[in-house]
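Notes to accompany the following structure.
The values are calculated or read from the model by the stated rules, or taken from the named source; none is laboratory data. From a predicted model like this one, the values you see are computed outputs, not experimental measurements. Note that each Cβ is placed from the backbone with ideal geometry, even for glycine, and that neighbours are counted across all protein chains shown. Note: accessible area is taken over every heavy atom of the protein model, side chains too, but ligands, DNA and RNA are not part of it. Shrake-Rupley method; radii C 1.70, N 1.55, O 1.52, S 1.80 Å.
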Amino acid sequence: MPNSDVEAPKKLSENLFPVVGIGASAGGLEAFKQLLRAIPENSGLAYILVQHLDPFHESILSEILQKVTKIPVSEITDNVKVEPDHIYIIPSNKMLVATDGILKLDQRLPKPQKNMPIDVFFSSLAEVHQDHAIGVVLSGTGTDGTLGLKAIKDHGGLTFAQELESAAYDGMPLSAISANIVDFILPPDKMPAKLLELGRSFNEVSNDIDSKDKEKENIFKQILLLLRQQRGIDFTYYKQTTIRRRIIRRMVMNKIDDIRNYSTLLKENKKEQDSLYQDLLIPVTSFFRDTQTFDNLCETTFPTLVQNKSLANPIRMWVAGCSTGQEAYSMAMCICEFLGDNLKNVKIQLFATDVSEIAVAKARSGNYLKSEMEGVSDKRLKEFFDKMDGSYQLKKSIRDMCVFAPHNFLKDAPFARMDFISCRNVLIYMEPYLQKKAISTFHYALNDKGYLLLGKSETTGSDSELFTPVNKHEKLYIRKNSSRSLMSFLPEKVSRTVAQTEKNIQAKENKKEDFQKNADDLLLSKYSPAGVVVNDQFDIVQFRGSTGPYLEPSPGKPTFKVVEMARKPLTFELRNLLHKSKKSGQPSTKENIPVNDGKRWVTIEVIPLPNTIEPHYLILFKDTVKPVNTNSSSQKESSEAKISDEHLRIEQ
């Protein structure tokens, strides 16, 4: 088996035809025959058969299957280029992987290691052929194929499983179906017709969406706008080829060949909105993905992290884009193993976030099917998991280390004072300026000399002033001190384009206006007080309204500390209010603070924000009317009623 922990990322195939991986074990021969008999000679697809074979038994499968089809059937030799209308068979005692449209062979794993050739091949097929990959699991015992089908589905491909009643042994198809990752459940002889139907639909829909038709382009943008309004995620700035492929996939699944009809379905069907949204999030994860990465963390990074850490000074870690939680729990298990008996002397705060509430809910439960436990050694399974009915759950001690929450690191207030951030295989789906924004956010969230771990195909880009590579192969970086602005935002030109696009689209929608909502929006935009949101360290993470009269950049090194940015007459009161609210957890207010020699009067209100993972505070600035002085000394005579601004300021 190839060492997936150290090899370079596989190259994407340039082949534009679908490649069908077909896996089977016990009882698979008859299923293979039924499927191959139903394949037409000119389907335009390539078929690769993977079967569990005795490593010491010479396979004659290609000779047997050639008798039931006119399509060329051949046993794979190393470095075979995949071609359409061909059937390929894995030889005995070999593992099969795909890379750049080429099939490669490697030695089968020696016992007692698990032999999962279908998972291995399907996973590489998914990585290389993306949405052109199709996975089929036929008769067999065990769970081989389930993880591979998940990888194919996560990369935008299609998944099939044999109908249980037609399978001689239903273990493998049942495992895949139970994992809720199978698109179509059919008997083998019905699969080729469905494959051809799907292939035609993909071509028709792809041509339709790529047709440069302005009306269809506008509808495509409407779909993204609808998701933004309903889910709060703007997919406009994700890689559009990936987004369009996912939309095409949903159209094909719904047997819709016109994007206008699909847009109508989305507006009317919340369930389809959920399905498309989940497809676009691309939840690719597993336990101890790339084990060499975790080994290197234990050897080189964790020893530095634990220095000077204690129960009073915790290790703070953030797994961004945690999906269903396997990455975060893998980190927790690794650091527990590293600390050993010293674990009781160190506090660990591990935050794990994702934009998908469904994924976060599953992560919180810490409950996983047997098919999802690939990558967990028997030793770790025994030490860190409790066996449930048909599943495994992380022990409470590990679950208590991890705080899971829905969070969008591209727009939500970021965490702060982190020692370590892991964000693997999330940035690859974003356009470069979104990647840059994410890197700046992580730089802001990390302590000086904090660590950032990215995926194998990701880098910090041109931001050499923010991070220094520690291990380029493992994509581990260390934070540098930088005087550059801590937070980056979308360019003004891009923001204007988005706003104009939304305005144009919404103007064409003939919907009844909600006058009450419009009135509320107008009041909020025109009459709400200016303010800022600050984190637990009183760093500004968001500006609201025009704050110029109350805040200004301080001379010298740039800072986002609100107390340092506050105009001098407000500094003292603002600091007191913040510390008061931080200590009590309650809102605090100071009214009528004189500014500009009493020519203006300002009220400051500090409000702790509820339901946030990390403490955040909303600071509001309100201009108020000059207070009326009621001091008895000012009421002796009407001529003395007016007190000087200087005297009022002293009294205040």
*asked:* Against the conditions (1) open to solvent by less than 20 Å² (accessible area, probe 1.4 Å); (2) modelled with pLDDT under 90; (3) in a loop (DSSP other than H, G, I, E, B), where does Cys322 fall short? Just the number, please.
replied: (2)
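Any chance segment 217-225 includes a residue that's under 18 Å from Gly157 (Cα atoms) and either open to solvent by less than 30 Å² (accessible area, probe 1.4 Å) or at pLDDT 80 or above (or both)? Please lay out each step first, then the result.
Initial filter on segment 217-225 (under 18 Å from Gly157 (Cα atoms)): none.
Checked segment 217-225: no residue is under 18 Å from Gly157 (Cα atoms) and either open to solvent by less than 30 Å² (accessible area, probe 1.4 Å) or at pLDDT 80 or above (or both).
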_All positions within segment 574-595 that are in contact (Cβ under 8 Å) with a residue 12 or more places away in the chain and farther than 17 Å from Val533 by Cα_ = Lys590, Glu591, Asn592, Ile593, Pro594, Val595
*Collect the residues in segment 427-446 that are modelled with pLDDT under 85 and open to solvent by 20 Å² or more (accessible area, probe 1.4 Å), keeping them in residue-number order.*
Ile428, Tyr429, Glu431, Pro432, Tyr433
_Between a residue in segment 392-414 that is more than 20 Å from His616 (Cα to Cα) and of a type outside the set (Phe, Trp, Tyr) and any residue that is open to solvent by 40 Å² or more (accessible area, probe 1.4 Å) and not in a helix (DSSP H, G or I), which pairs come within a Cβ distance under 7 Å, given they are 6 or more apart or on different chains?_
Gln393/Asn367; Gln393/Asp386; Lys395/Asp386
*Pairs only if they're at least six apart or on different chains, beta carbon under 6 angstrom, first in segment 226-245 and closer than 18 Å to Asp131 by Cα, second surrounded by 19 or more Cβ atoms within 10 Å (Cβ to Cβ) and small (Gly, Ala, Ser); list them, first residue then second.*
Arg245/Gly156
_Among the numbered criteria (1) at pLDDT 90 or above; (2) touching a strand residue (DSSP E or B) at 6+ places or on another chain (Cβ under 8 Å); (3) open to solvent by less than 10 Å² (accessible area, probe 1.4 Å); (4) not β-branched (Val, Ile, Thr), which one does Pro414 miss?_
(1)
*Output for segment 68-110, where each listed residue is open to solvent by 30 Å² or more (accessible area, probe 1.4 Å), at pLDDT 80 or above and touching a helix residue (DSSP H, G or I) at 6+ places or on another chain (Cβ under 9 Å)*: Val68, Pro72, Ser74, Glu75
*Between a first residue in segment 362-376 that is closer than 16 Å to Asp119 by Cβ and a second residue that is among the aliphatic types (A, V, I, L, M), which pairs have beta carbons less than 7 Å apart while being 6 or more apart in sequence or on different chains?*
Leu369/Ala179; Ser371/Leu147; Ser371/Ala179; Met373/Leu381; Glu374/Leu147
*From the list Glu372, Glu383, which residue is within 16 Å of Met333 (Cβ to Cβ), surrounded by 20 or more Cβ atoms within 10 Å (Cβ to Cβ) and of a type in the set (Asp, Glu)?*
Glu372
*So which residues in segment 245-278 are within 29 Å of His407 (Cβ to Cβ), in contact with a helix residue (DSSP H, G or I) (Cβ under 6 Å, 6 or more places away or on another chain), at pLDDT 80 or above and open to solvent by 30 Å² or more (accessible area, probe 1.4 Å), if there are any at all?*
Arg250
